[in-house]
Every structure is written in C-alpha cells, then in structure tokens.
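Read the structure below first, then the notes.
Coordinate-derived values only; no laboratory data. Predicted model, so just to flag it, every value in this text is computed and none were measured. Here the Cβ positions follow ideal geometry from the backbone for every residue, glycine too, while neighbour counts run over all protein chains shown.
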Amino acid sequence: MGKLKNIQEHTDKKILLMGLPNVGKSAIFSRYTGMDVMVSNYSGTTVEYTEGRIVVAERAYTLVDVPGVYDIKDSIDDAERVAISMLNEKPEAILFVLDALNLESSLHLLMQVLAYNIPTIVALNRTDLLKGKGMTIDHRVISARLNVPVFPTVALEKKSLQALRDELHNVMENKTVNHNLQKTEEDRWKDIERIVERSVKKTIDPNTYQGKYAFLIKPMPGIPIAIVVLAALFAFVIGFGMGLRQFILLPILRGFLFPAIEQGVFTLFDSELVRGILVGEYGFLIKGIEWPFALVLPYVISFYTMMSILEDTGYLPRLAVLLDGIFKKIGLSGSSIIPIMLGYGCGIPAIMSTRSMRSKKSRLTIAVMVSLAVPCVSQSGAFVALLIEHSLLALVFVFLMSFVAMMIVGIVMKRLNKEAMPFTLLELPELLLPKPKLLTKKIYMRIKHYIKDGAIPMILAIMVTAMLYEIGVLDVMGRGLAPLVSGWLRLPEAAATPLIIGIVRRELAVLPLIDMDLTTVQFFTGATVALFYVPCIAMIATLAKEFNAKVAVFVLLLTTTTAIFLGGVVARVGELLVQMLG
C-alpha cells in the first residue's frame with residue numbers, strides 16, 4: 001500500500017501506443033492498464049481509441065491505444081487522421097509495437113512515427129509466432145540502425161513486458177531524439193530492405209506455414225471449407241441455443257419462477273390494470289424476463305461463442321480473402337465480410353467499424369446492407385425461436401432472403417456510385433488455437449454488452465408496451481393499422497402491436513408472434529417483415545452521427561417500405577403455394 005500512496009499522478013500527460021492493426025496492441029494495453037479490452041484477429045476493432053492509466057516508475061500517465069494504421073503520410077481514412085492528430089499533440093512518449101510477422105510494413109510505419117521526433121521505444125511483438133515459422137529477428141540490428149530501444153515481447157506474457165516498461169521510463173527521462181532516418185520515401189524502403197536482410201534469420205524450413213494453410217484462401221478447396229465452416233456455425237448457434245432454451249431456461253422459468261411471480265402479483269395487487277401490466281398479455285415481469293433471457297440469450301451465447309472462435313483462430317481474415325472476388329462484383333472488397341459479420345452481432349459496431357475503410361462508397365454500402373438486411377443476434381435469436389418449431393425451411397429462407405437483399409443493395413449502390421474502389425490491404429494473422437481464458441473473457445464481455453445494450457432496452461420497451469396495451473392505446477393504434485396488417489400482410493389484427501413496438505426494438509416485431517395462433521405462412525410473413533423492418537432507434541442515431549441525417553432518413557424509409565411491401569408479397573405467394581399443394 002505504501003508504494004501505491006507514493007505514485008505521482010501525471011495522467012494529463014499521454015503515452016501513445018501505436019502500430020499496425022492486429023499486432024497485439026490491445027493485449028499490451030490491457031496488461032499495462034488492467035482494463036478489459038477485446039483482443040481480436042482482424043482489422044477494425046480499435047478504430048475508436050481507448051485510454052487507460054499506466055504506472056511508470058511510480059508515476060501515473062495516460063496510455064492511449066491509438067487506432068491501428070498502415071500509413072500516416074496521406075491520411076486517407078479516419079483512423080489515420082486520428083493517429084496524426086494525436087502525434088501532433090506532442091505526447092510524452094510513444095510505445096510502438098513492431099510486428100515480427102509483418103516486419104517491412106511495421107518498419108515503414110515506425111519510420112514515419114520517428115520523424116515526429118518524439119521519445120520512442122519499440123516492442124518487437126509476436127516473436128513467438130515467428131519462431132513457429134522457422135525464423136528469428138535480431139532486434140539489435142533494428143535498434144542500432146534507427147537509434148531506438150527495441151525489446152522482443154510476447155503480448156500475452158507479463159514477464160516480457162516488464163523490461164519494456166522500465167526502459168520506457170529511461171526514454172522519457174532522456175529527451176534526446178536522434179534517429180537515423182533517410183529523407184526520401186524510396187531511400188527509406190531501401191533501408192528497410194537492408195534492415196530485414198540483416199536482422200531476419202531462417203533457422204528451419206519456413207514453408208510449414210504457407211504450405212499447410214495456403215489452401216484456405218484458394219477457391220478449391222477454400223470455398224467448400226468455408227461452406228462447411230459457416231454451416232457448422234449455423235448448426236451450433238441453432239442447436240446449442242435451442243437446447244439451452246428448451247431444456248434448461250424455459251423449464252426453470254415456466255415451471256418455477258413465473259408461477260411464483262404470478263401468485264405474488266395476484267396476492268399483492270387487486271387492481272386488474274396493475275396485474276395486467278405485470279403479468280398480463282405483455283406482462284412486464286413475465287415477458288420482460290422470458291423474451292430477452294429465455295428466447296434470445298441462448299442464441300446470443302452460441303453466436304458469440306462461434307464468432308469469437310472464428311476471430312481468435314485467425315480464420316475470419318482468410319474468409320475475407322476468399323470472398324474478395326465475389327464482393328468486388330458488388331463494389332466491395334473481401335474485407336467487407338468483417339463489418340457484415342459484426343452486424344450479425346450488433347449493427348452499431350458494424351456501422352462504426354466501416355471507419356477503417358478507405359472508400360466512402362464502401363462505407364455507405366455496408367451501412368445500408370447492415371441496416372436493411374443483416375439481423376442482429378437478438379433478432380436472429382427471435383427468428384429461430386419463432387420458426388424452428390414450425391418450419392426449418394422457413395428459417396433457412398429468412399437468412400437466404402437476407403443474403404439476396406445484401407447482394408441487391410451492393411449491385412444497386414455500385415451502379416449509382418461510380419467511385420473507384422481503392423486497394424485494400426488485409427493482414428493474415430497466424431492460425432492459432434484459441435486460448436480458453438481469453439476466449440471465455442471475450443464471450444463474457446460480449447454477453448455483458450448484450451445485457452446492457454440489448455436486454456435492458458428490450459425490458460424497458462416491454463414495460464412501456466405493457467402499460468400502453470393495458471390502457472388501450474395499442475388497441476386503438478392497431479385498429480388504425482388493420483387495413484395494412486389484416487388486408488395487405490394477411491396477419492391477424494393483434495399483429496399490429498408487434499409492428500408498432502418493433503420501431504423501438506426490431507426483435508420485438510418478432511417475439512410477440514410466438515404466442516399467437518398463426519399458420520406457417522403467417523409466421524414466415526411476420527419474420528419477413530421483421531427482417532427488413534425499421535432498425536432500432538440506436539442504429540438510426542448511429543447512422544446520423546457517422547454519415548448525416550439524410551442517410552438516416554433514407555434508411556428509415558427504405559427499411560419500412562421494403563418490409564411492408566415484401567411482407568405482402570410473401571403472404572400472397574405463400575397462400576398461392578398452399579392452395580396449389582392442397
């Protein structure tokens with residue numbers, strides 16, 4: 001405790017943590033600050049910078065995890081502009097993370113950073129993975145050539161970071177900066193070639209890495225493997241989620257908790273209005289627990305488990321490379337799969353992650369795709385809960401419609417906007433077995449995020465819905481929507497209520513349908529409407545913030561009209577098929 005009391009606070013002074021995307025910066029940041037930070041294997045997770053408190057020689061500074069960038073000369077995208085802005089603020093020091101697996105690109109960025117004449121120390125990270133490829137790097141060559149301290153590190157091991165922290169203090173105390181940098185870009189690249197030639201040593205045959213795993217990014221057998229992987233993901237999400245829901249959560253809630261709640265409410269309250277709000281048709285104490293936690297949470301857990309495994313193994317960037325040719329036909333690059341996959345978790349980080357893209361057209365295209373046709377994990381869980389017991393084929397068709405709609409959006413946006421698509425650089429991390437501790441931590445954090453940003457808003461929306469339903473407001477609004485709901489969509493008038501409350505939370509346009517006595521065609525119609533329906537309010541606000549109000553209004557109109565129009569079409573086609581099949 002004595003040492004803690006002697007720490008001097010200098011948190012107004014900043015130390016920048018910089019490097020390429022996916023080099024272990026977030027892991028180092030987490031080790032030094034103790035903050036919970038997600039560690040991912042793909043670009044885009046640190047577009048927004050994070051701050052934390054780091055103690056160096058009994059002095060506390062602010063450590064800033066700067067967004068990972070490849071270049072800071074041209075400042076093409078938001079991440080690069082943020083990095084340049086932070087460098088111009090003249091921080092106390094820079095902790096630069098050099099990637100042992102991508103040494104040339106890392107050295108190029110390091111030289112650009114050193115040109116700012118700020119005290120700098122270098123962590124040569126991922127050296128453990130380089131050894132697996134049969135290579136080593138003599139860090140002393142880099143240190144001597146650039147006149148900067150270089151320390152080999154493994155971001156996930158504490159012992160390799162202690163010496164780095166000690167030297168960081170020496171660098172900040174000694175303000176002398178005299179780096180040996182070439183003046184022209186051409187001369188710097190020649191210098192990089194010489195450094196790599198002198199520092200990188202091959203110890204065994206290095207073809208083990210490429211020889212084993214190059215087939216994953218080739219059409220054959222890469223595409224069949226990708227289909228199997230995605231099918232396994234889909235099967236696990238449905239199977240594990242349904243098992244958790246059917247055999248554990250629902251029996252506990254419906255067999256023990258809900259009867260106890262209902263008995264307590266009827267004992268404590270005589271008012272029919274209060275009883276209705278608490279345990280009625282949209283009862284806050286029943287549906288507010290059952291929908292977010294028994295119907296949706298199981299699929300949230302299974303989805304994030306599989307997504308975290310794909311990220312931490314390093315397969316997701318390979319999927320991006322594999323899909324690059326297909327995505328280019330709709331004006332996007334293969335790396336677009338990353339924000340799209342994020343969208344199946346939550347649309348908000350998916351839209352925000354597009355900041356790392358260099359093309360405004362790509363950003364807008366993916367934002368519209370995610371808003372219109374990518375169901376978030378809560379919505380996907382609601383679809384599974386709604387359709388799995390009635391028709392697996394209908395459930396498959398919902399996700400097929402999602403895919404087709406995304407392709408149509410890409411094709412239309414490509415024709416409307418002739419802006420050339422810039423070259424996209426995507427690093428392929430080493431294929432690794434996920435570390436159980438980090439994997440568990442990531443899944444836990446994402447579930448916690450769902451509870452905070454998904455379940456709690458859903459519960460509040462259910463509470464408001466219960467009150468409006470019991471006092472008759474939703475009944476009046478439902479009668480007003482009857483021509484649309486009963487006439488065009490061929491759904492019962494009661495389905496107007498989910499349509500109304502779905503404006504607040506998309507999945508609420510689905511979940512109330514579960515308790516209605518509908519045909520398979522009606523269930524599928526309701527799922528179609530909910531798939532393309534208005535994004536949640538938070539997503540609309542994010543679109544306005546990331547782009548402008550016009551884009552937000554456009555998405556609002558596009559999703560609403562598409563949902564209602566396609567819902568009516570599906571209803572009529574379904575009725576026709578039922579008649580034809582007898």
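Highest mean first, how do 370-377, 303-310 rank when packing is the count of other Cβ atoms within 10 Å averaged over residues?
Going from most to least packed, we get 370-377, 303-310.
Please tell me the relative contact order of the chain in percent, rounded to the nearest whole number, where contacts are Cα pairs under 8 Å and at least six residues apart.
Relative contact order here is 12 percent.
As an exercise, identify the trypsin sites (Lys or Arg not before Pro) in segment 472-516 lying in DSSP coil whose Cβ has no more than 12 other Cβ atoms within 10 Å.
Within segment 472-516, no trypsin sites (Lys or Arg not before Pro) qualify (loop, at most 12 other Cβ atoms within 10 Å).
Cβ neighbours within 10 Å, averaged per peptide: list 540-551, 282-293, 312-323 in order, most packed at the top.
With the highest mean Cβ count within 10 Å placed first, the list reads 282-293, 312-323, 540-551.
If packing is taken as the average count of other Cβ atoms within 10 Å, what order do 163-169, 472-478 fall into, highest mean first?
Most protected by this proxy first, the peptides run 163-169, 472-478.
On a C-alpha basis, how far is the centre of segment 96-131 from the centre of segment 211-290 in Å? Whole number, if you could?
Comparing the Cα centres of segment 96-131 and segment 211-290, I get a distance of 45 Å.
Mind sorting out which of [x] 86, 49, 45; [y] 79, 59, 44; [z] 77, 50, 48 is the real Cα extents along the principal axes in Å computed from the coordinates?
Step by step, Cα extents along the principal axes in Å for this structure corresponds to label [y].
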